[in-house]
Structures are given as structure tokens and as C-alpha cells.
Ligand SMILES: C[S@@+](CC[C@H](N)C(=O)[O-])C[C@H]1O[C@@H](n2cnc3c(N)ncnc32)[C@H](O)[C@@H]1O
């Protein structure tokens, strides 16, 4: 092998390893450290530093990076939600986004909701820095948006107060016992006939992808694997009753979009 090719190969491996180490440090590694340090419990103890530290949020939140993390399916996943919102009459209704996410999902959901007539869009997150960061992307519809520092498992909104609720890749980061709680809250605040839009990881159909995905979750996000079976969101929602779920999977089954419609007569 020529020396220059070897040099390129070694550099590539080093960059890959450094990136993996960086992401491990600001995600699971930090949670491991927290779990062994005293005084680090609390409602937000499960939140990675990449979602709580403003510098890290700003460093990572670039569309190409975020698209790559979701295997370049980001746009497709967001479009599945916004296309449906655009075909829903939201005149004088409230729309909720439960938890912030990187990339342009929040501005796109806000635009779709406002175009469909939404009166207000509520954006809730347990971390204030995430809300401040989201606000910086939403100057266009500032008067219509409310930012709420709230926990997805104990929302302050009244029962049946929103027509749509969007949860984008939150469940896989929640401790298992909170996944069902967050879904219950998401359905509680929905009005009859209202829709919960859920984008999440799903068990891939291809074994190669399944093996890679399994390894990724084991190393970086061990709370995500339960979505494949024991904490399948559709099973959890259907077990609650009063809801009709439609699930669409994309990219060989690696991702899912669930639309859960709350029954009109509960
Ligand atoms: C929804 S996930 C987004 C992950 C995804 N990888 C992305 O595209 O950005 C991360 C967000 O969820 C928020 N979050 C975590 N636990 C929460 C909870 N219990 N209630 C509300 N927000 C929560 C975090 O603060 C963070 O803003």
C-alpha cells in the first residue's frame, strides 16, 4: 500500500475514533459519571450534556451533522409530520411540541402549524437552554409561540387542550419507566380527535442494519433498544385504549413515524 494511502486511512480512522469518543463523552459517558457522583439526581438527570450545555448545543446543531446522525432520513421524517399538519384544519387550535430537537424540525413544524391556522404553538422542554436555542430559530412567528420549561411526564397543560402534539426522538432517551408516562401525558393533553406525531427509532428489517444499530444503541444510547420490543410505543399507546395508531417505517425499518389519533368518544 502506498504511504499516502496509508496516511489517509490512518487519518480517517483517527477522525472517526475521535468523533465517537467525543459523542460518547457528551452522551452516555456523562450519564455514567453522573450516576456515580453524589447529588446528580433530579428530573433532568437523564438529559445528555449535548442538550443542556449551550456551547455544546450550538456546536452540534448543524443540519448536515444532524441529518447524518439520522442516516440522512431527517428530512423525510420531518416531512411525514409537516405534510400531515398541513392537511389538518388547525384553525384557532393549539399545537404542542414536546421537547426540542436539533435541526430544522421545530421551525418546519411551527410553519406547518401556523399555515394550517394554529392559534398558538407551545414548545415544551425540561432544559431552559434548549428553549432559548429553539427561540433563536423561530423569529418569524415569535408572537404565536410560547416556550415552556416543562417535564414531558408532568405537563401543566389542561386535558384536551391541544389539537396536535409532536414528539421528535424523545422516547429513546427517557428511562424506561418514563417512556409510558410521557406517552400518557401526550395523549392526556390531546383533544378528542387530536393527533400525536411520534418520530423514533425502530427495529430494522435488514440484519446488517440491525447489528449496526444494536451496537450503536449498546454503546451510546442503551435506553433506545427497548423501543424495539418491550417499550414499543404503538403497543404502549394501544394498551392505554381510546386511541388509533398508524405506523409507517422508513429506511429498511430503522425509523418509525407513529400517528396516534385520540378517539372522539373516550
Ligand atoms: C427530543 S431529544 C432530541 C434528540 C434527537 N437526537 C435530535 O434530533 O435532536 C432531546 C430533547 O429532549 C429534551 N428532554 C429530555 N427529557 C425531557 C423531558 N422529560 N421532558 C421534556 N423534555 C425533555 C432535552 O432537553 C432535549 O432538548
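The values are calculated or read from the model by the stated rules, or taken from the named source; none is laboratory data. This is a predicted model, so every value here is computed, not measured. A quick note on method: Cβ atoms are made from the backbone with ideal geometry, for glycine too, and the neighbour counts reach across all protein chains shown.
Points worth noting:
- Leading residue by the ranking (nearest to the chain's Cα centre (by Cα)) among those in region 198-229 that are part of a loop (DSSP other than H, G, I, E, B) and closer than 21 Å to residue 45 by Cα: 224
- Scanning region 161-197 for residues that are over 21 Å from residue 44 (Cβ atoms) and in contact with a helix residue (DSSP H, G or I) (Cβ under 8 Å, 6 or more places away or on another chain) yields 164, 187, 195, 196, 197.
- Sole exception among (1) modelled with pLDDT under 95; (2) loosely packed, with under 12 Cβ neighbours inside 10 Å; (3) assigned to a helix (DSSP H, G or I) for residue 45, by number: (3)
- Restricting 184, 179 to those that are in a helix (DSSP H, G or I), within 16 Å of the ligand (Cβ to nearest atom), surrounded by 16 or more Cβ atoms within 10 Å (Cβ to Cβ) and free of Cβ contacts under 8 Å to residues at least 60 places away in the same chain reduces the list to 179.
- Filtered residues of region 93-117 (kept if outside any strand (DSSP E or B), within 16 Å of the ligand (Cβ to nearest atom), touching a residue at least 60 places away in the same chain (Cβ under 8 Å) and out of contact with any helix residue (DSSP H, G or I) (no Cβ under 6 Å at 6 or more places or on another chain)): 99, 101
- Evaluating residue 214 against the criteria (1) surrounded by fewer than 18 Cβ atoms within 10 Å (Cβ to Cβ); (2) in contact with a strand residue (DSSP E or B) (Cβ under 6 Å, 6 or more places away or on another chain); (3) closer than 20 Å to residue 66 by Cα leaves one unmet condition, (2).
- Filter result (loosely packed, with under 14 Cβ neighbours inside 10 Å and under 17 Å from residue 161 (Cα atoms)) within region 243-266: 263, 264, 265, 266
This table checks each residue for (1) more than 29 Å from residue 244 (Cβ to Cβ); (2) at pLDDT 95 or above; (3) crowded, with 19+ Cβ neighbours inside 10 Å.
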| site | (1), (2), (3) |
| --- | --- |
| 134 | yes, yes, yes |
| 156 | no, yes, no |
| 174 | no, yes, yes |
| 198 | no, yes, yes |
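- Being within 15 Å of the ligand (Cβ to nearest atom) and either assigned to a loop (DSSP other than H, G, I, E, B) or in contact (Cβ under 8 Å) with a residue 40 or more places away in the chain (or both) is a property that residue 160 lacks.
- Screening the candidates 129, 165 for the property of being part of a strand (DSSP E or B), closer than 24 Å to residue 74 by Cα and in contact (Cβ under 8 Å) with a residue 24 or more places away in the chain yields one hit, 165.
- Matching entry among 57, 81, 123, 66 (being assigned to a helix (DSSP H, G or I) and in contact with a strand residue (DSSP E or B) (Cβ under 6 Å, 6 or more places away or on another chain)): 81
- In region 21-40, the residues that are in a helix (DSSP H, G or I) and without any contact (Cβ under 8 Å) to a residue 60 or more places away in the chain: 21, 22, 25, 26, 29, 30, 31, 32, 33, 34, 35, 36
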